[in-house]
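For reference, the structure is listed below as structure tokens.
The values are calculated or read from the model by the stated rules, or taken from the named source; none is laboratory data. Just so you know, these numbers come straight off a predicted model, no measurement behind them. Cβ placement follows ideal geometry from the backbone for every residue including glycine, while neighbour counts extend to all protein chains displayed. In case anyone asks, the SASA skips ligands and DNA or RNA and just uses the protein heavy atoms, side chains included. Shrake-Rupley method; radii C 1.70, N 1.55, O 1.52, S 1.80 Å.
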Amino acid sequence: MGDAPQHLTADGYLGRYESAAARDPANGPALLAGWLRSEWRPLFAELRSRRPILRTPAFTLVTRFPDVTEVLRNGDVFTVDGYASRLDPALGGPVMLTRDGTPMNWREKGLMQVMLPPEDVPRVRELVARTADRALDAAVPRGRIDAVGELFRPVCTAVCAEYFGLPVPDPAAPARWSRAIMTDVTANLAGDPEVHAASLAAGREMMDHLRRALEGRRAGGAADAGDVFARMLGTVLPGTPAWDDERILINVAGMLLGFLENAVGSMTHLVRQLLLRPEAHRAAALAAGGPDTAAFEGHFWEALRFDPFLKIITRVCVRDHVLAAGTPRETTVPAGTLVLAAVASAMFDETAVPEPGLFRPDRPPHTRLHFGHGPHACVGVHPGAAVITETVRRLLPRPGLRLLDPPDGVVARDRDVFPDRFWLGLGDESGAR
Ligand code: HEM
């Protein structure tokens, strides 16, 4: 349903939500949660026009661009407190994503910006191009490729090993760790203890692995390896509070968690959206062959807008706050409210993104929220964006690239929101089943 046109449904989501909530207040939010997974575009279209700030007993759902960005910009009111009780125990300590405006958050965000600088982009592109071309060349004779397992994951594993400096013996392990932990942090709204326990177990396994990697590096004196891990280990900050091995490990873990599934999920969604639009695919493939990075990237970010992997960012409101003050939407959000800032909806708000139903690769960057907004905006945005755009850039111009008919052509998700398989046709039609 993610590709459905943006229209109001005949009977209306709000009407159905309100009748369900009238029967039992707990039913309404459960119904909304289901629609958020499968019918987000028409649901958000209706909410933006009829109830842009929807208060429910379980959460408040915010859908217009100025209100979503107001939530994400105001870290002192709309905090990340909700993440701390989940993520900190999994990592063994606080990380920048679970703290608002603390000295640790300030210092480590700055440090990690230095560790992941825009100057690394050419090197990341080269590594990605090499890995992606190898994977694609190997797949061409078979006439098909599982884009998740044979392209996106190998590229991300290579980035972890060569750029971050974190090789893993079992390439499936980082995906397992990050899925278990991020599901608990971002999607366990009901606080299921089993989901939390799985996250703690994954966190222990991940931190043990990273600790062994760090000991190996310290013992091997590989501080000059030129990767991000080596930079982190080689950074000494005299006279400042700790930037010790524990803080380094927690930031390395944050880097893996921030990168892996977001990159794989985003590439899957954006490639599917491009291939659903033959005109857009042709134009993007043409632009991808040229040297103008901004020009071809515009095609990719626009495709992702039609189905962002990360549709909602959650915050906890810690002080009563008048949201959208002075507008007809003005709503008081009480302290203690869980707030769902629907970035996927904001990017279809016609007051900020003109003619949102049209595929327009030349939209200005400030209309995109793929990497968040405000004080917690993605610290890995430069290498992260390079991985996504360079991988897709290598894939798109391949002759015969196409979506396959169902069931193969459907993005397979075995358990949760994370893609597991996505078969694409390559080369001559007869090669692909
Ligand atoms: C090198 C790759 C990446 C690294 C190291 C990374 C790391 C991080 C970290 C540490 C944060 C928390 C920042 C803070 O709290 O101040 C963050 C936030 C975020 N990242 Fe990334 N990330 C990467 C790639 C990506 C990708 C590919 C996407 C999706 C397209 C993405 C989307 C986001 C978003 C939406 C947030 C905001 C979360 C929020 O506000 O709650 N990141 N990232």
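Tabulated data
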| item | result |
| --- | --- |
| Charge dipole of region 52-431 about the Cα centre (unit charges at C-beta), most positive-ward option of Leu257, Trp177, Ser85 | Leu257 |
| Dipole in debye (nearest 20) - region 282-384, about Cα centre, beta carbon charges: Lys, Arg +1; Asp, Glu -1 | 220 debye |
| Listed peptides 171-178, 291-298 by packing density, highest first (mean Cβ within 10 Å) | 171-178, 291-298 |
| Residue-wise HN-Hα coupling along region 122-129, computed from phi with Karplus coefficients 6.51, -1.76, 1.60 (Hz; x: Gly, Pro) | x, 5, 5, 4, 4, 4, 5, 4 |
| Extreme residue, positive dipole direction of region 52-431, given options Pro365, Met347, Gly380 (C-beta unit charges) | Pro365 |
| Solvent-accessible surface (1.4 angstrom probe) belonging to Arg218, in square angstrom, nearest 10 | 120 Å² |
| Mean separation of Cα contacts under 8 Å (6+ apart) over length of the chain, as relative contact order % | 24 percent |
| Local net charge near Gly191, Cβ-Cβ under 15 Å (Lys/Arg +1, Asp/Glu -1) | -3 |
| At 1.306 mPa s and 10 °C, Stokes diffusion of region 52-431 via Kirkwood alpha-carbon radius, µm² per second | 73 µm²/s |
| Cα-centred dipole magnitude for the chain, charges only on beta-carbon of K, R (+1) and D, E (-1), debye, nearest 20 | 240 debye |
| Value of [θ]222 nm, deg cm²/dmol, for the chain, DSSP H segments ≥ 4, -39500 (n - 2.57) each, nearest 500 | -15500 deg cm²/dmol |
| Share of carbon and sulfur in the accessible heavy-atom surface of the chain [1.4 Å probe, %] | 58 percent |
| Value of relative contact order over region 76-135, rounded to a whole percent, pairs C-alpha under 8 Å and six or more apart | 23 percent |
| For the chain: accessible area per residue (Å², 1.4 Å) | 42 Å² |
| GNM flexibility winner over the chain from Ala288, Ala342, Ala352 (Cα, springs under 10 Å) | Ala352 |
